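Here's the structure, in C-alpha cells; my notes come after.
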Amino acid sequence: MKPTIRDVAKMADVSISTVSRVMNAPESVIESKRIRVLEAIEKLQYQPNSFARGLIYKKSFTLGLLIPDIENFYYTGIIRGMQDACIKLGYSLMICNTDRDKNRLLTYIDAFHEKQVDGIVFASDIMYPEYYEKLVRCRIPFVLLSTHSYEYEIPSVEIDDEQAAYDAVKFLIDLGHEDIGMIGFNHENSISGPPRYQGFIRALEQAGLGRNGEKIRYATHRFEHAYHAAHELFTDYPELTAVFCVADEFAMGVISYLKDRNILVPGQVSVIGFDNLRMANMFIPKLTTIAQPMYDMGYRAAEKLHEWLTTGTVEVLREKMEHKLIVRESSRQR
C-alpha cells in the first residue's frame, strides 16, 4: 500500500493539517515540527495525491492556458515562464491551442470547466463578448496575457504596444531614414495591430514624415505572409530605405524577400522587428528588434491569477511590463 498523509502524520507525531501546511506553506509551521514531517515524508517516500488534495481544498491545483498559435515561437517564452511559476506555486498547467477559431476556443473553455481548472490565462486574442460571457457563466477566474480589455474589468499583463512601436520607428528616424514602410497585423483580428500602427503613425507625424503613413501592407501571422506583403510594399514603394515589422517573423520574411531581390540589409534597407525571439540573434543579419519580456510576462500572468485565486482580488488590474530596444545588425545609419 502506498503511504498516506495519515501515515506521515503518525510517524511525525503531528496532525494531518500540519503535514498539509508543511507541503503547501512550510513557513507557517515551526521548525521542529517541519523537520519531523519532512523526515517522515522522506522515510515513507510519500507523494501527495493531487486528486485527494483537490477534494480537501476544493481545488484542482491546475491552471489552463489558451493560446492562438502554438507554432508561433513567441509562445515558447510565455509557456516556459508560466510553467515555472506554476511549479513554484503548486499548480499543473494545461495548454490548449485555439488556432484563433471561436468555436474551438469556446469548446476549450467548456473542457477546462469540466476538468475543474482553478483559473485560466487567456493569451493574445481579442476578448469577444461571447468569450467573456462563457467564462463568467462557468465561474472560472481568468487573466489576460498579451492582450487587454477596457470594456471589462479583467486583470491583464502586457507591454505598451503603442509606445514600443513608436520607439522602434523613432529609432529608424534617428538613424536618418525618411522613407519608412511598415508590415503590420490585420486590424480586424489582432489585439496588438492597432496600437502598433498608432505608434508608427505618431513617430512619423512628430518627425514631419506623415507622408509615409500609407506605406503599409498587412500580413496575418506567418513568415510567408510577410514575404508576400513585402513584395507588395516594395513594388508600390521601391524608394523605401527602412521597414518596421510588428513581429520578428515578419522581419525575417521581409529580409528574405529583399535578399531574393539582391537588396542588401542593412546596406540598402534597414529592418526592425518586434518580440526578440530567440532566433532573432541567430538570423543573418541578426535582427534589431523590440524585446518583449515573454518569460516574465508568462510568469507574472500565473502569479496574478494565483493572487486572484487566493485573495479574491489583484493589486494591479492592468499591468504593463517594460519593453526594450535591442540594436543588432539589420539596421544602420542612413
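Which pairs do you get when a residue that is assigned to a strand (DSSP E or B), found in region 311-333, comes within reach of a residue that is surrounded by 11 or more Cβ atoms within 10 Å (Cβ to Cβ) and of a type in the set (D, E, K, R), reach meaning Cβ atoms under 6 angstrom, with the pair 6+ apart or on two chains?
Here the result reads LYS320/ASP160; LEU325/ASP167, each pair linking region 311-333 to a residue that is surrounded by 11 or more Cβ atoms within 10 Å (Cβ to Cβ) and of a type in the set (D, E, K, R).
The conditions are (1) farther than 14 Å from GLY273 by Cβ; (2) open to solvent by less than 60 Å² (accessible area, probe 1.4 Å); (3) among the charged types (D, E, K, R), and ARG211 fails exactly one of them. Which is it?
It is condition (2) that ARG211 fails.
Can we say THR235 is modelled with pLDDT under 95 and not aromatic (Phe, Trp, Tyr)? Full working, then the answer.
Details: modelled with pLDDT under 95: no; not aromatic (Phe, Trp, Tyr): yes.
For THR235, the condition - modelled with pLDDT under 95 and not aromatic (Phe, Trp, Tyr) - is not met.
Consider region 110-134. How many of its residues are free of Cβ contacts under 8 Å to residues at least 60 places away in the same chain and surrounded by fewer than 22 Cβ atoms within 10 Å (Cβ to Cβ)?
Residues meeting the conditions: 13.
Quickly run through region 264-302 and pick out the residues that are farther than 16 Å from GLY253 by Cβ, of a type in the set (D, E, K, R) and crowded, with 19+ Cβ neighbours inside 10 Å.
Answer for region 264-302, where residues must be farther than 16 Å from GLY253 by Cβ, of a type in the set (D, E, K, R) and crowded, with 19+ Cβ neighbours inside 10 Å: just ARG300.
Pick from region 141-175 the residues that are surrounded by fewer than 19 Cβ atoms within 10 Å (Cβ to Cβ), of a type in the set (D, E, K, R) and in contact (Cβ under 8 Å) with a residue 12 or more places away in the chain: which of them is nearest to TYR299 (Cα to Cα)?
ASP160
Just to be sure I understand, how many residues within region 155-211 are touching a Pro at 6+ places or on another chain (Cβ under 9 Å) and in a helix (DSSP H, G or I)?
6
Looking at (1) modelled with pLDDT of 90 or more; (2) at negative phi, which is the one condition that is false for PRO26?
So PRO26 meets the others, but not (1).
Say we look at region 303-334 and pick out the residues that are open to solvent by 40 Å² or more (accessible area, probe 1.4 Å) and of a type in the set (S, T, N, Q); which of these is farthest from the chain's Cα centre (by Cα)?
If we take residues in region 303-334 being open to solvent by 40 Å² or more (accessible area, probe 1.4 Å) and of a type in the set (S, T, N, Q), then GLN333 is farthest from the chain's Cα centre (by Cα).
The values are calculated or read from the model by the stated rules, or taken from the named source; none is laboratory data. Owing to the predicted nature of the structure, the values given are computational and were not obtained by experimental measurement. Reconstructed Cβ throughout: ideal geometry from the backbone, glycine too, with neighbour counts over all protein chains shown. Quick note on the areas: whole protein, heavy atoms, side chains included, nothing else; ligands and nucleic acids left out. Shrake-Rupley method; radii C 1.70, N 1.55, O 1.52, S 1.80 Å.
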